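Student: Just passing along the structure, written as structure tokens.
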Amino acid sequence: MNYQEIIDEIYEEIKSTDDIGNVASIIPELAQIDPDQFGVHLTTVDNREFGIGEWGTKFSIQSISKVFALSQAYKLVGDQIWKRVDVEPSGSPFNSLVQLETNNGTPRNPFMNAGAMVVCDILITQLKDPVERFLSFIREIALNSGINYSKKIAKSEKSVGYRNIALCNYLKSFGNIDNEPDQVLDFYFNIYSIEMSCQELSNAFIYLANDDFRTSENRQVLTMSQAKRVNAIMQTCGFYDESGEFAFRVGLPGKSGVGGGIIAIHPDKYCIAVWSPKLNEKGNSYRGMRFLELFTTKTESSIF
Ligand code: GLN
């Protein structure tokens with residue numbers, strides 16, 4: 001398959017049409033970004049790499065980080081995690097509070113903000129220095145020591161974090177947060193501030209495409225069954241109330257972030273990351289969704 005030719009062609013096609021939507025306004029620092037940046041990077045399970053546009057520029061990965069947090073917690077506590085967070089699509093926005101009331105404080109899935117908070121709480125309980133260890137987990141699976149948090153972004157998000165603060169306290173009132181909400185929120189705001197490029201993302205996610213992937217210490221990141229389950233949750237819940245639409249149009253497990261990034265995984269084939277900051281009304285990158293729809297169509301490589 002000539003991936004380079006295909007991504008070049010789709011990139012030009014999308015560039016020649018209007019970009020629609022707005023950059024994230026919920027975090028002041030993210031609202032400053034140049035909306036015209038657009039990058040794509042694909043890594044195959046046999047280590048071939050293809051890129052176009054701003055594939056090497058780092059950006060705020062935001063909720064894509066929820067997949068790393070889930071993977072690390074799943075590795076540490078195994079199936080115990082499902083006692084605290086469910087695996088059902090929500091049909092609701094990422095920061096919704098409503099279902100928590102009827103579900104007695106059990107978040108619908110680990111990719112809702114509430115679910116990610118419970119995952120952060122588990123990591124705090126399990127790890128002595130969660131901020132440090134979370135970063136080293138990503139560096140290890142990405143085989144890349146150049147990945148970092150952005151203090152500026154974390155601080156900016158915290159400064160307007162009223163809804164997330166409410167969510168964390170609400171979870172605590174149901175007994176589904178063990179640590180102090182302030183501590184959980186500090187860690188929670190940190191995980192979103194990780195900055196990575198499309199290239200770094202498509203390389204880092206290979207552990208979900210390749211069952212045999214090994215870190216430099218020759219460690220398997222997740223068992224085959226765990227990787228299957230993380231992919232399944234990405235497929236059904238990775239795009240909040242647009243998860244059905246993403247499955248319908250693209251047909252791959254994936255995860256978006258309000259920084260405008262999307263990662264999508266074709267098990268046994270490749271990982272592809274797309275970044276374009278303008279978001280549709282559901283908080284997913286407009287060009288990112290469009291790119292991936294055309295990509296799986298032209299390469300005939302959706303999982304369905
Ligand atoms: N940090 C953002 C929030 O909590 C993440 C949202 C996202 O990327 N969907 O609101």
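Student: Among Ser225, Ser243, Ser92, determine the one that fluctuates most according to a GNM of the chain built with springs between C-alpha atoms less than 10 Å apart.
Tutor: Fluctuation is largest for Ser225.
Student: Where the only charges are on Cβ atoms (+1 Lys, Arg; -1 Asp, Glu), what is the dipole of the stretch 62-218 about its Cα centre, to the nearest 20 debye?
Tutor: With Lys and Arg at +1 and Asp and Glu at -1, about 300 debye.
Student: Still on this structure, I have one more. Taking the Cα atoms only, what angle lies between the long axis of helix 181-192 and the longest principal axis of the chain, rounded to 10 degrees?
Tutor: It is inclined by approximately 10 degrees.
Student: Separate question: Pairing the Cα long axis of helix 130-142 with the longest principal axis of the chain, what angle in degrees results, from 0 to 90 and rounded to the nearest 10?
Tutor: Orientation of helix 130-142: about 20 degrees from the principal axis.
Student: Further question: Where in the stretch 175-217 are there GluC sites (Glu not before Pro) that are in a DSSP coil and have at most 11 other Cβ atoms within 10 angstrom of their Cβ?
Tutor: Glu217
Student: Rounded to the nearest 20 debye, what is the charge dipole size of the stretch 122-195 about its Cα centre when +1 sits on each Lys and Arg Cβ and -1 on each Asp and Glu Cβ?
Tutor: Values: 9 positive and 9 negative charges, 40 e Å.
Approximately 200 debye in magnitude.
Student: If you don't mind, there's one more thing I want to ask. With θ taken as phi - 60° and the coefficients 6.51, -1.76 and 1.60, list the Karplus ³J(HN,Hα) couplings across the stretch 10-15 in order, rounded to whole Hz; mark glycine and proline as x.
Tutor: 5, 4, 5, 4, 6, 4
Student: If you don't mind, there's one more thing I want to ask. Given the peptides 80-90, 94-104, arrange them by the average over their residues of other C-beta atoms within 10 Å, most packed first.
Tutor: Packing order, densest peptide first, comes out as 80-90, 94-104.
Student: In addition: If amide hydrogens are placed 1.01 Å from N in the peptide plane, which non-local residues have theirs closer than 5 Å to the one on Gly53?
Tutor: Amide H to amide H, under 5 Å and 5 or more residues apart or across chains, Gly53 pairs with nothing.
Student: Mind sorting Ile33, Ile27, Ile265 by how few other Cβ atoms lie within 10 Å of their own Cβ, fewest first?
Tutor: The fewest-first ordering by Cβ neighbours comes to Ile33, Ile27, Ile265.
Student: Another one. Charges at C-beta only: +1 for Lys and Arg, -1 for Asp and Glu. How large is the resulting dipole of the stretch 215-286 about its Cα centre, in Debye rounded to 20?
Tutor: Details: 8 positive and 6 negative charges, 30 e Å.
Dipole about the Cα centre, nearest 20: 140 debye.
Student: Next question. Given all pairs of different Cα atoms, what value in angstroms does the Kirkwood hydrodynamic radius of the chain take?
Tutor: Values: mean 1/r = 0.0527 Å⁻¹.
Computed over Cα pairs of the chain, the Kirkwood hydrodynamic radius comes out at 19.0 Å.
Student: Moving to a separate point now. Please give me the summed charge of the neighbours of Val230: other residues whose Cβ is under 14 Å from its Cβ, Lys and Arg +1, Asp and Glu -1. It would help to have the intermediate numbers written out before the result.
Tutor: Numbers: positive: Lys66, Lys75, Lys228, Arg229, Lys255; negative: Asp79, Asp211.
Neighbourhood net charge equals +3.
Student: Applying 1/(1 + (r/R0)^6) with R0 = 41 Å to the Cβ-Cβ distance of Gln80 and Ile26, what FRET efficiency is obtained, to the nearest 0.05?
Tutor: 0.80
Student: Which one, Ser145, Ser156, Ser65, has the greatest fluctuation when you compute a Gaussian network model over the chain with C-alpha springs under 10 angstrom?
Tutor: Looking only at Ser145, Ser156, Ser65, the largest GNM fluctuation is found for Ser145.
Student: Moving on to the next point. I'd like the orientation of helix 162-173 relative to the chain: the angle between its Cα long axis and the longest Cα principal axis, in ° from 0 to 90, rounded to 10.
Tutor: Tilt relative to the chain: about 50 degrees.
Student: Sort His41, His266 by Cβ crowding within 10 Å, fewest neighbours at the top.
Tutor: If I rank by nearby Cβ atoms, fewest first, I get His266, His41.
Student: May I pose another question? Over its Cα atoms, what ratio of radius of gyration to 2.2 N^0.38 Å does the stretch 222-304 give?
Tutor: In units of the globular-protein estimate, the stretch 222-304 measures up at 1.01.
Student: Just list whichever of Lys128/Lys158; Lys58/Lys83; Lys75/Lys158; Lys151/Lys228 have alpha carbons separated by over 25 Å in the model shown. Show your work: numbers first, answer last.
Tutor: Numbers: Lys128/Lys158 23 Å; Lys58/Lys83 35 Å; Lys75/Lys158 28 Å; Lys151/Lys228 33 Å.
Where the Cα-Cα span goes over 25 Å, the pairs concerned are Lys58/Lys83; Lys75/Lys158; Lys151/Lys228.
Student: Pick out which of Ile206, Ile26, Ile233 has the largest mean-square fluctuation in a Gaussian network model of the chain, springs linking Cα atoms closer than 10 Å.
Tutor: Ile26
Each value in this text was obtained by applying a stated rule to the coordinates, not by laboratory testing. Every value quoted in this text rests on a predicted model; they were computed, and no experiment measured them. As a convention, Cβ positions derive from the backbone with ideal geometry for all residues, glycine included, and neighbour counts pool all protein chains shown.
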